[in-house]
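Enquirer: Okay, handing you the structure first.
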Amino acid sequence: MAKLWAGRFGADPSALLDKFNASITFDKKLWRYDILGSITHARMLERIGVLDSNELALIESGLQEIAREIEHGEFSFPIELEDIHMAIESALTSRIGEAGKKLHTARSRNDQVALDFRMYVLDSSVQIMSKILALIDTLLAIASKHTTTLLPGMTHLQHAQPVNFGFHLVAWCASLRRDVERLESLHTRNNLMPLGSGALAGTPYGNDREWISEQLGFRAPTLNAMDSVSDRDFALDLLYALAMLGMHISRMAEELVLWSSSEFGFIRLSDEYATGSSIMPQKKNPDVPELLRGKSGRLYGNLTRLLVVMKSLPLAYNKDTQEDKEAVFDSVETTLLSLEILQALCESMSIEKSAMLKATKMGHLSATDLADFLVQECGVAFREAHHITGRVIAYAESKSRDLSELSPKELESALRPLVQIQNLATLTSSLAKKLSLESSMQARKSLGGTSTKQTKSQIAALRSWAKKAHKHLPTLKAH
Ligand code: ARG
């Protein structure tokens, strides 16, 4: 098959070169964007008088027919045609003849691929935002049912202070919100239109770049042709945002793995989203959260891969950048699937309140409340209060009880030798109440704290933010 660029060549390229040089095996994913870009380019060519209306009509209907064939799996992507751009152009010419040969006027594959790939990246960021928002929605629905469900809040993976389960899920959502914001901002920053940059220096045809930009829903044309054909920051922005998102997902997944273990038992994964062991009949394995945790490896790898490809490239276009696509495709597809399955997993898991409560009663989680009581009600210095609390915990342990379970009488006998307080006996019944796990959680009512009221207002704030974010999702360039 003769190459579209074969004019100055005496011999056909080797099959080995075809195999090495081609990107069509993967860049065929860009076909929608290539056709959309070509139709818009052709319309612009007609506006500036390069094509007549007859030629434009032939090109448009030819491209639409090709789109239909690709959609129905009836189009072949021969490797000799190198990439999606040449495959479509040569199919067009073989269908409509001479007019097809004019389509590539006033553009180069360099600005063509920059446009196609940028549109793919922008649309993918919108699809991912919408999936994150759906996940947040699910998590907030669960959170709002569990604003009084106690579980141990941890630091160093050790029981620390009682929190409610809704509050923990809101913490997840707060990180997911930053992911949406990162995607929003990369969409805005990169929503600039590169076509009309030509190979690197612009074109002599008077391309109406503003018009194309407007037609394709960009903010504006890119500033500088040389930068436009060599810039892949938009792809790196996305890879970075997805690496961060993947990191957040891996942290949630890790908690799901822990929580579904016999040691925690805080959740039960539904059978639909758990797997068995080929040898141990009793087992139910959390493969889904484990894989979610593992996928972050790819996402980081893909970011590193493109950063390395781009490093030290001189201006302007270099074929190295053909290596940009697979990393991005992989990260986008991995992320979309991960978000979807994480949402389904959370929707279908059961929440084991009694196991959470039982765990909350382990580790004297209201110890800080005792120290705070000694400071606030008895005028003891915090360091001293810290020490006294340690002694009371030793007392509780000697009785095999949790601090939250000590009676007023027991508290009195534990504290009597440690503090000089006149009315100790009258204070201990209110102290016992304060040391209950429920009051300990409710006492943390500072802005952003775990009390039920604060948790509910965090849920409300996230909901109203998510509603706005959803409403302002950018429109897709193609679908
Ligand atoms: N397949 C190429 C890529 O993805 C398209 C651009 C080719 N341009 C060129 N001058 N060889 O980068």
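Readers should treat all values here as calculations from the given coordinates under stated rules, not as data from a laboratory. Just so it is clear, the structure is predicted and the values come from calculations on it, not from any experiment. Glycine gets a Cβ as well: all are built from the backbone with ideal geometry, and neighbour counts include every protein chain shown.
Enquirer: Those residues that are part of a helix (DSSP H, G or I) and either within 16 Å of the ligand (Cβ to nearest atom) or free of Cβ contacts under 8 Å to residues at least 12 places away in the same chain (or both), I need them from the range 68-77; list them, please. Break it down into steps so the answer makes sense when it comes.
Expert: The first filter runs over the range 68-77 and keeps only residues part of a helix (DSSP H, G or I), leaving 68-71.
The answer is R68, E69, E71.
Enquirer: I've got another one for you. So the check is Cβ under 6 Å with 6+ separation or different chains; which pairs have a first residue in the range 1-20 that's within 24 Å of H104 (Cβ to Cβ) and a second one that's in a helix (DSSP H, G or I)?
Expert: Every condition considered, the pairs that remain are M1/E80; L4/M86; D18/I79; D18/E80.
Enquirer: If the requirement is being over 31 Å from the mean Cα position of the chain (by Cα) and not charged (D, E, K, R), which of these qualifies: I136, I66, I70? Give the steps one after another, and end with the answer.
Expert: On the way: I136 fails: over 31 Å from the mean Cα position of the chain (by Cα); I70 fails: over 31 Å from the mean Cα position of the chain (by Cα).
So the residue among I136, I66, I70 that is over 31 Å from the mean Cα position of the chain (by Cα) and not charged (D, E, K, R) is I66.
Enquirer: How many of the residues making up the range 305-324 are more than 11 Å from the ligand (Cβ to nearest atom) and either assigned to a loop (DSSP other than H, G, I, E, B) or over 29 Å from the mean Cα position of the chain (by Cα) (or both)?
Expert: 5
Enquirer: May I pose another question? Would you confirm whether or not the range 12-22 contains a residue that is within 19 Å of I212 (Cβ to Cβ) and aromatic (F, W, Y)?
Expert: Checked against the condition, which is being within 19 Å of I212 (Cβ to Cβ) and aromatic (F, W, Y), the range 12-22 yields no hits at all.
Enquirer: Please find, among E65, E80, E55, the residue that is closer than 21 Å to L16 by Cβ and part of a helix (DSSP H, G or I).
Expert: Working: E65 fails: closer than 21 Å to L16 by Cβ; E55 fails: closer than 21 Å to L16 by Cβ.
Testing whether each residue is closer than 21 Å to L16 by Cβ and part of a helix (DSSP H, G or I) leaves just E80.
Results for (1) away from the ligand (no atom under 16 Å from the Cβ); (2) in contact with a Ser or Thr (Cβ under 8 Å, 6 or more places away or on another chain), shown as yes or no for each residue.
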{"residue": "F167", "(1), (2)": "yes, yes"}
{"residue": "H187", "(1), (2)": "yes, yes"}
{"residue": "P194", "(1), (2)": "no, yes"}
{"residue": "P204", "(1), (2)": "yes, no"}
{"residue": "N207", "(1), (2)": "yes, no"}
{"residue": "S213", "(1), (2)": "yes, no"}
{"residue": "F218", "(1), (2)": "yes, no"}
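Enquirer: Inside the range 401-449, counting only helices (runs of 4 or more DSSP H) that do not spill past its ends, which hold 3 or more residues that are free of Cβ contacts under 8 Å to residues at least 60 places away in the same chain and either within 19 Å of K358 (Cα to Cα) or in contact with a helix residue (DSSP H, G or I) (Cβ under 6 Å, 6 or more places away or on another chain) (or both)?
Expert: Hits in the range 401-449: 408-415, 424-434.
Enquirer: Further question on the same structure: Consider D111 carefully, then state whether it is touching a Leu at 6+ places or on another chain (Cβ under 6 Å), under 17 Å from K325 (Cα atoms), more than 12 Å from the ligand (Cβ to nearest atom) and in contact (Cβ under 8 Å) with a residue 24 or more places away in the chain.
Expert: Spelling it out, it is not the case that D111 is touching a Leu at 6+ places or on another chain (Cβ under 6 Å), under 17 Å from K325 (Cα atoms), more than 12 Å from the ligand (Cβ to nearest atom) and in contact (Cβ under 8 Å) with a residue 24 or more places away in the chain.
Enquirer: For the range 95-121, what are the residues that are surrounded by 24 or more Cβ atoms within 10 Å (Cβ to Cβ), of a type in the set (D, E, K, R) and not in a loop (DSSP other than H, G, I, E, B)?
Expert: Passing the criteria: D111, D116, R118.
Enquirer: In the range 1-42, which residue that is of a type in the set (K, R) and away from the ligand (no atom under 12 Å from the Cβ) is farthest from Q64 (Cα to Cα)?
Expert: Applying the filter and picking the extreme gives R8.
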